[in-house]
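> Submitted below is the structure of interest, expressed as structure tokens.
All of the numbers you see were taken from the coordinates with simple rules; none came from a lab. Since the model is a prediction, treat every value here as computed from it, not as a measurement. As a convention, Cβ positions derive from the backbone with ideal geometry for all residues, glycine included, and neighbour counts pool all protein chains shown.
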Amino acid sequence: MLSDVTTPQDLDDRFREALAALPAPQQRRDPARPVTDDATLTGARVLDLFDAQLTSRQLDLAGRWLRSFGEGFYTIGSAGHEGNAAVAAALHAGDPALLHYRSGAFYCVRAGQAAEATGPEPAGQAATSVPADQADHPVDAGPAAGPPAPGDAVRADEPGGPAADRPLPPGYAEAARDVLRGMVASSREPIAGGRHKVFGRADLAVVPTTSTIASHLPRAVGMGLAVERLRRLDTTGRRAGDGVRAGSGGGAAHASWPPDAIVVCSFGDASVNHASATAAFNTAGWYDHTGLRIPVLFVCEDNGLGISVRSPQGWVETTLRAKPGIRYFAADGGDLVRAYEVAVEAAAWVRRHRRPAVLHLSTVRLMGHAGADAETAYRAAGEIAADLDRDPLVGTARLLVGAGVATGEELLARYDEVGWQVRRIAEEVLDEPKLAAPAEVVAPLAPRRPVRVARAVADAAARASGPGAGARAEAFGGKPPELTGPLTLAQSINAALADGMLDHPQMAVFGEDVGVKGGVYGVTKGLRDRFGAARVFDTLLDETSILGLGLGAGLAGMLPVPEIQYLAYLHNAEDQVRGEAATMQFFSQGAFRNPMVVRVAGLAYQEGFGGHFHNDNSVAVLRDVPGLVIAVPARPDDAAPMLRTCLASAAVDGSVCVFLEPIALYHTRDLYADGDGEWLAPYAEPGAWTGGHVPIGRARVYGVGSAEDVTIITFGNGVRMSLRAAATLADEGVGTRVVDLRWLAPLPVADIIREAAATGRVLVVDETRRSGGVGEGVIAALVDAGYVGAARRVAGVDSFVPLGPAARQVLVSEEAITQGARTLLAR
Ligand SMILES: Cc1ncc(C[n+]2csc(CCOP(=O)(O)OP(=O)(O)O)c2C)c(N)n1
């Protein structure tokens, strides 16, 4: 009898009843034969897949059990979705997979494939190895017992039979241990190390996904694009491959993906409505329409519900069928054999044509959304019971018994045996250590090795002036930027991008209008002509997809440099930076990384192009993303070395960098007076790159006058305004030091403290907003360090930036800076 939720007990009871009710087979079928006369799967393979389904189910039950006494921290399960075992079976073990959180059976099958490929695990290493005191219950003790040779007759009345007492297929117990470690937040969990319960393991090509539904789909599309691009380079022999300098590109600590790989990503039916999902479908279809190949298999596991909200009848099929450029396949996830056959067809289609497809897999959801979900609040008892009747495990059992491969009794014995093994592993992992110190938690977040980064910059310099000099001269048309005279900020970034492209063979620059046009501000001008449309390309107009392409490309081994046309438009896609990019190393302990330098044109003060959307001055949303690097170059001679540092850090450490370029300074030439040309700067020749290296988190300090009276701490447009204000103050006999932070994250704390202490009077000039602005971080850093001098802030008003001259009402002005300094000095 059902209570107000489907409990593990209910599910277990129903399963037992259903199996007990199966009629005994009249005749046994040789498991080496197709399980039914028209099936492609053999009985033995179905038994293997059934084991994966059982293991997954038992993991769900174990998760609830662990929760019941406070030792488990995750109860979202896979029950009802175990048909995804068929999808895994239809794929290659090396196909990168970004999985839905109901992928227990998929994960077991993938682990099984990998274990078979690598052979038996060495004793003592296998997660399936059994402690001495439990050796009487061997788990996964070796390769699966071979099925009888074809033609061997197995009689229905023979005791045991092939289903009953086989060891678990290789890899399954190990997979179970992985999942259980995730549930108990063990620091030995193989991918996130106790930071989250995810499906992921580098050797299984399973890339961890976050709980933010559908946010992994734009990344999957980016990966598909990059995998295909690298494959083509491979087949034409031009891929840098082995010849690529270590660390010159991206992505994975993982070896490169197989050339014929396809990317699989799965998600629920409610998720198809999410903006990230629609972006991913659209981008895959858009590229397909242009003839570009993106081998991605989307798998929609449709249980009809998103927590309590029903997908309207027929909506999922209608919407998936209607996606342009994406081939539609459908299967019943309760029918393992047919689901497998359709999945094989879909995967083969994607692999052959290198084009996107969606597999719509119908499933049920058993035991509610998660442990605490009282389903009866929103579902009728009859509906819940109907789902139980469609339990895919019962479906597979019915198939096996109907085919004569096993009896219901044997399969129940199998269920219990698997359950026993899973419980035992659960008990073992209970006592494993948890993450126990802040440093342990954050260790993989954003590794920083500044010495290696500096060395990478020095190596790049050596290449550019040595073996790469010829290619460099050619790329710059015989006139390298150091010989073209002083450059603007935009020209300097352009030159540094070109040098980056020359030095990093896997680097690609892309975004809206960056290719043919060369960027709305001309920053990427000429790059497409020099480096080709495969490396410098226009994307469709969707920031989520642009970032997703970057994320996937980084993961696939490239060094992506996407551009976001305006800071305001980063905000509508910000989750791809915050939730996806910045978390990847954290949730994979560095096994996967998405090196990326996101160029963003932003901040205010544009002449003649007003209004908030092109003058957005809000960076708060970036500053609290753990591990993110935020660079704001104000001057041409900082921009180039800072960009080199970001590229090197991305390549060396997998850093996610936001390179925020002040639009208003792009073409600025003068500092104090019209025509003085003091905001221009020559481009450093490669021989000077090492000496001019700008490490992450180091500020630049300008002394004006005696530099002893007041310290102005600022960045971006504030640098120019502050230098001008400092000149005015100097005329009044006030000595100022102007500190350009250059890096908003990590803040140059040591430089801030030193320069603040030097005068004892700090004026923070913050062109972002008073609330949530950069100035808050600077003041907090001073307080934390015990600074006892005077401090004031000049910051933007808490407002969006209005059009026209009204903008001056809310933005920091030179006058306000001068006044602020005078007020400080008057105290
Ligand atoms: C972007 C986002 N919004 C809300 C949630 C909270 N949430 C978690 S699962 C879920 C329902 C997802 O339903 P579906 O995609 O059908 O997958 P199912 O759980 O049914 O397998 C919701 C709303 C989330 N994880 N991510």
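> Tell me the relative contact order for the chain as a rounded percent, counting alpha carbon contacts under 8 Å between residues six or more apart.
Worked out over the chain, it gives 13 percent.
> Something else now. Treating only the Cβ atoms of Lys and Arg (+1) and Asp and Glu (-1) as charged, compute the dipole magnitude of the chain about its Cα centre; round to the nearest 20 debye.
2000
> Please name which of Ala24, Ile384, Pro356 has its Cα lying farthest along the dipole of the chain towards the positive end, using unit charges on Cβ (Lys, Arg +1; Asp, Glu -1) and the Cα centre as origin.
The listed residue farthest towards the positive side: Pro356.
> Here is a further query. Return the whole-Å distance between the Cα centroid of region 66-122 and the Cα centroid of region 728-803.
Their Cα centres are 51 Å away from one another.
> For region 682-827, build the convex hull from the C-alpha positions and give me its volume per residue in Å³.
Dividing the Cα hull volume of region 682-827 by its residues yields 134 Å³.
> Just to verify a number: FRET efficiency for Gln819 and Glu440, C-beta to C-beta distance, R0 = 60 Å, to 0.05?
Plugging the Cβ-Cβ distance into 1/(1 + (r/R0)^6) gives 0.80.
> Within 14 Å, Cβ to Cβ, of Thr823, how many net charges do the neighbouring residues add up to if Lys/Arg are +1 and Asp/Glu are -1?
That sum, taken over residues with Cβ under 14 Å, equals +2.
> Could you point to the residue in His289, Gly526, Val418 farthest towards the positive end of the chain's charge dipole, with +1 and -1 charges on the Cβ of Lys/Arg and Asp/Glu respectively?
Among His289, Gly526, Val418, the one farthest towards the positive end of the dipole of the chain is Gly526.
> If you wrap a convex hull around the C-alpha atoms of region 1-106 and split its volume per residue, what is the figure in Å³?
Dividing the Cα hull volume of region 1-106 by its residue count gives 139 Å³.
> On a full-extension model of 0.36 nm per residue, what is the gain between Ala380 and Arg321, subtracting their alpha-carbon distance, rounded to one decimal in nm?
On the way: separation 59, 0.36 × 59 = 21.24 nm, distance 2.97 nm.
So the extension gain works out to 18.3 nm.
> Suppose R0 equals 60 Å; then what is the FRET efficiency for Ala24 and Ala533 from their Cβ-Cβ distance, rounded to the nearest 0.05?
Details: r = 66 Å, r/R0 = 1.09.
That pair, Ala24 with Ala533, gives E of 0.35.
> Arranged by the count of other C-beta atoms within 10 angstrom, fewest first, what order do Tyr287, Tyr521, Tyr107 take?
Working: Tyr287 23, Tyr521 19, Tyr107 30.
Listing Tyr287, Tyr521, Tyr107 from fewest to most nearby Cβ atoms yields Tyr521, Tyr287, Tyr107.
> Gly419: net charge of surrounding residues, Cβ under 14 Å, Lys/Arg +1, Asp/Glu -1, itself excluded? Spell out each step's value before the answer.
Numbers: positive: Arg16, Arg57, Arg64, Arg414, Arg423, Arg424; negative: Asp12, Asp13, Asp51, Asp60, Asp416, Glu417, Glu427.
Residues close to Gly419 contribute a combined charge of -1.
> Here's something else I'd like to know. What FRET efficiency, computed as 1/(1 + (r/R0)^6) with R0 = 22 Å and r the Cβ-Cβ distance, is obtained for Phe609 and Val516, rounded to the nearest 0.05? Walk me through the numbers on the way to the answer.
Details: r = 21 Å, r/R0 = 0.97.
Between Phe609 and Val516 the formula returns 0.55.
> Net charge near Ala175, counting Lys/Arg +1 and Asp/Glu -1 over other residues with Cβ under 9 Å of its Cβ?
It works out to a net charge of +1.
> Go through the cysteines of the chain and tell me which have no other cysteine Cβ under 4.7 Å away.
By the Cβ distance rule, which asks for a partner under 4.7 Å, the isolated cysteines are Cys108, Cys265, Cys300.
> Go through Gly777, Val797, Thr759 and say which Cα lies farthest out towards the positive end of the charge dipole of region 758-827; charges sit on Cβ, +1 for Lys and Arg, -1 for Asp and Glu.
Positive-most Cα among the choices belongs to Thr759.
> How big is region 268-328 by Rg and Dmax over its Cα atoms, in Å?
According to the Cα coordinates of region 268-328, Rg and Dmax are 12.2, 40 Å.
> While we're on this one: Scanning the chain for helices, which whole DSSP H stretches are 20 Å or more long along the axis (Cα) and average -0.5 or more by Kyte-Doolittle?
Span-like helices here: 43-68, 104-118, 217-235, 275-290, 336-353, 408-430, 450-465, 489-503, 636-653, 717-731.
> Please give, to one decimal in nm, the separation of the simple spin-label points placed at Thr290 and Val749, each 7 Å out from Cα toward the Cβ.
4.3
> Quick check on the chain: of the DSSP beta bridges with both residues there, what percent are antiparallel, nearest 5%?
The antiparallel proportion sits near 15 percent.
> On to the next question. Order by neighbour count: Thr714, Thr484, fewest other Cβ atoms within 10 Å first, most last.
So the residues, fewest neighbours to most, are Thr484, Thr714.
> Shifting gears a bit: Kindly rank 15-28, 33-46, 554-567 from highest to lowest mean number of other beta carbons found within 10 Å of each residue.
554-567, 33-46, 15-28
> Whole Å is fine, so just give me how far the alpha carbon centre of region 603-663 lies from that of region 276-333.
Cα centres, region 603-663 to region 276-333: 35 Å.
> Right, next: Mind pulling up the Rg/Rh value for region 289-438? Radius of gyration and Kirkwood radius, both on Cα. Spell out each step's value before the answer.
On the way: Rg = 19.9 Å, Rh = 18.7 Å.
Result for region 289-438 is an Rg/Rh of 1.06.
> To the nearest 500 deg cm²/dmol, what mean residue ellipticity at 222 nm is calculated for the chain from DSSP H runs of n ≥ 4 alone, each contributing -39,500 (n - 2.57), summed and divided by the residues?
Details: 25 runs with 315 residues, N = 827.
Calculated at 222 nm, the ellipticity per residue is -12000 deg cm²/dmol.
> Would you work out the relative contact order for region 621-755, in percent, from Cα pairs under 8 angstrom that are 6 or more residues apart?
29
> Let me ask another. Considering every pair of different Cα atoms, what Kirkwood radius, in Å, is found for region 762-806?
11.5
> Can you tell me the Rg and the Dmax, both Å, for the Cα atoms in the chain?
30.1, 105
> A further question on this structure: If you wrap a convex hull around the Cα atoms of region 367-496, how much volume per residue is inside, in Å³? Write down the numbers at each step before the final one.
Working: hull volume 50.2 nm³, N = 130.
Considering the Cα atoms of region 367-496, their hull volume per residue is 386 Å³.
> How do the peptides 571-578, 476-483, 257-264, 701-708 rank, highest first, by the average count of neighbouring beta carbon atoms within 10 Å per residue?
Listed from highest to lowest mean packing, they are 257-264, 571-578, 701-708, 476-483.
> For region 588-736, list log₁₀ I(q)/I(0) at each q in 0.11, 0.15, 0.16 Å⁻¹, using the Debye formula over Cα point scatterers of equal strength and ignoring solvent, two decimals each.
Results for region 588-736 at q = 0.11, 0.15, 0.16 Å⁻¹ read -0.51, -0.91, -1.02.
> Hey, rough spin-label estimate for Thr118 and Arg310, points 7 angstrom out along Cα→Cβ, what's it come to in nanometres?
Here the modelled spin labels are 4.6 nm apart.
> Full extension from Asp676 to His353: what is 0.36 nm times the residue separation minus their Cα-Cα distance, to one decimal in nm? It would help to have the intermediate numbers written out before the result.
Details: separation 323, 0.36 × 323 = 116.28 nm, distance 5.90 nm.
Taking Asp676 through His353 to full extension adds about 110.4 nm, to one decimal.
> Any idea what Rg and Dmax come out to for region 549-612 if you just take the C-alpha atoms, in Å?
14.2, 47
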